[in-house]
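Notes follow once the structure below has been shown.
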Number of protein chains: 2
Amino acid sequence: MCAAEETTGEDTPWGEVTPEAARRLLVAAVDAFAERGYHATTTRDIAGRAGMSPAALYIHFKTKEELLHRISKIGHERALYVLDTEADRDGTAAERLAGAVRSFVRWHAERHTTARVVQYELDALGEEHRTEIVALRRRSDAVVRRIIGEGVRDGEFDVPDVPGTTLAVLSLCIDVARWFNAQGSRTPDEVGELYADLVLRMVGARQIPR
Amino acid sequence: MCAAEETTGEDTPWGEVTPEAARRLLVAAVDAFAERGYHATTTRDIAGRAGMSPAALYIHFKTKEELLHRISKIGHERALYVLDTEADRDGTAAERLAGAVRSFVRWHAERHTTARVVQYELDALGEEHRTEIVALRRRSDAVVRRIIGEGVRDGEFDVPDVPGTTLAVLSLCIDVARWFNAQGSRTPDEVGELYADLVLRMVGARQIPR
DNA sequence: CCCGAACCTGAGCAAGCGCTTAGGGCTTGT
DNA sequence: ACAAGCCCTAAGCGCTTGCTCAGGTTCGGG
């Protein structure tokens, strides 16, 4: 199902988007969408930021919505990859949960421009594209729920309401994209560390690992 | 500071908006903004939902942005009132924090249509109106920070990073407006209860009150 | 009965929107 | 040298947008 080229854990952002002109447009769109929102952004604005004429956009993308879809899909895949990687490590449930939250939050802070589009412009997608993306989001939910469930099973965590707590944990992480500011006083690493600690408290982890 | 007419804790929503036609338009706007977002909503749509012609809107509101501003201002005042009321009660810091979170979350769930507009359409406001609203939001932050600070001072809470934890608590509550669904399986009361418990864990409250 | 104020509508304007089309320069292989 | 193919632009089409304005309806007070 997944080709070898689709390396969702790459270092270069948007490396899989080719040709380079399309990538430039896409990056410009991410900035514009994050700044003003999808509906308040014009195709002329996107093209302008990429140093091209408005018509150039339609050589690389069929519609403005397709741009959003590609951003949203790649973004969700990246976020999910980050979460999955940490969840599949060895260690106690507490260690894995802390690692997952730390990385997931760090991703949302570091890539807060992308994350804002990914997390808050879902409604602007068309019907089909949205259901596709929602499926990806459910997988994130499943990952976190599994770790918490295992922690409860092994007696590591004290969680009366696993689905509710899962929801709250993910909600907390996702909302970082809304408030995080690069000019602010906290680094992405610091926020990740703080949040990992807070989440361990939420699940009543019996001891702080490491 | 507050006039007698400014009863922000009323039972009837939007009771302070008169005349009745203006209130109908405002309610229609809340629904439309919450559903599609400010920029994706047309003045024709708002007027249509209120059963009026597009021109009628401009008798009661100068611009579309003024509509958003009134919604945002009243909404923020209500939310802040809810928070303040619980924060000013007697009791331990844990009791007050739990009460504040419970009520604040319940408000965001019950009034999730309004809350979505209030919390996620800030950027659509004009420069002046936005700074006015941001000032209201800082007051919410101060309320929560004060309770947590007092809990730490009295040895009730164990919080290494008070500003960070305050941020996280508010972030958690606010994000309820994004995911809460009236058709979902949880009632606003249940979510409020769950979240109050989770927040007490986050601050390391020594015992669960009541 | 008429007046003025309050409220609302039908029609429409200027501007801006997403998107299309015709065509012109590059680069590349031969 | 030249043709093919790719990438881009200038111009603009059809439509929708926020908003305006002249005029009509309703209603309480004189």
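The values are calculated or read from the model by the stated rules, or taken from the named source; none is laboratory data. This structure is a prediction, so every number in the text was calculated from the model and none was measured. Glycine also receives a Cβ, built like all others from the backbone with ideal geometry; neighbour counts cover every protein chain displayed. Note: areas computed on protein heavy atoms with side chains; ligands, DNA, RNA excluded. Shrake-Rupley method; radii C 1.70, N 1.55, O 1.52, S 1.80 Å.
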Q: Kindly list the number of the only condition in (1) β-branched (V, I, T); (2) within 19 Å of B:N181 (Cβ to Cβ); (3) under 12 Å from the mean Cα position of the chain (by Cα) that fails for A:T131.
A: (3)
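I'd like the full set of residues that are away from chain A (no Cβ under 14 Å), more than 10 Å from DNA strand C (Cβ to nearest atom) and closer than 24 Å to A:A124 by Cβ, limited to segment B:49-80.
Looking only at segment B:49-80, we keep the residues that are away from chain A (no Cβ under 14 Å), and these are B:49-63, B:66-67, B:69-80.
From the residues that got through so far, the ones that are more than 10 Å from DNA strand C (Cβ to nearest atom) too are B:49, B:61-63, B:66-67, B:69-80.
Matches in segment B:49-80: B:R49, B:T63, B:L67, B:H69, B:I71, B:S72, B:G75.
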Q) Of everything in segment B:53-72 that's open to solvent by 10 Å² or more (accessible area, probe 1.4 Å) and more than 10 Å from DNA strand D (Cβ to nearest atom), which residue is nearest to B:L25 (Cα to Cα)? A) B:H60
**Q.** Scan of segment A:168-208 for residues that are at the interface with chain B (Cβ under 7 Å from one of its Cβ atoms), among the aliphatic types (A, V, I, L, M) and surrounded by fewer than 22 Cβ atoms within 10 Å (Cβ to Cβ), ordered by number
**A.** A:L194
Q: Kindly list the number of the only condition in (1) closer than 23 Å to B:R138 by Cβ; (2) outside the structural domain of B:R146 (by the TED database) that fails for B:A32.
A: (1)
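What residue, of B:D123, B:D88, is within 16 Å of DNA strand C (Cβ to nearest atom) and open to solvent by 30 Å² or more (accessible area, probe 1.4 Å)?
Details: B:D88 fails: within 16 Å of DNA strand C (Cβ to nearest atom).
The conditions single out B:D123.
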Q) Which condition breaks for A:R23 when tested against (1) surrounded by 15 or more Cβ atoms within 10 Å (Cβ to Cβ); (2) charged (D, E, K, R); (3) at pLDDT 95 or above? A) (3)
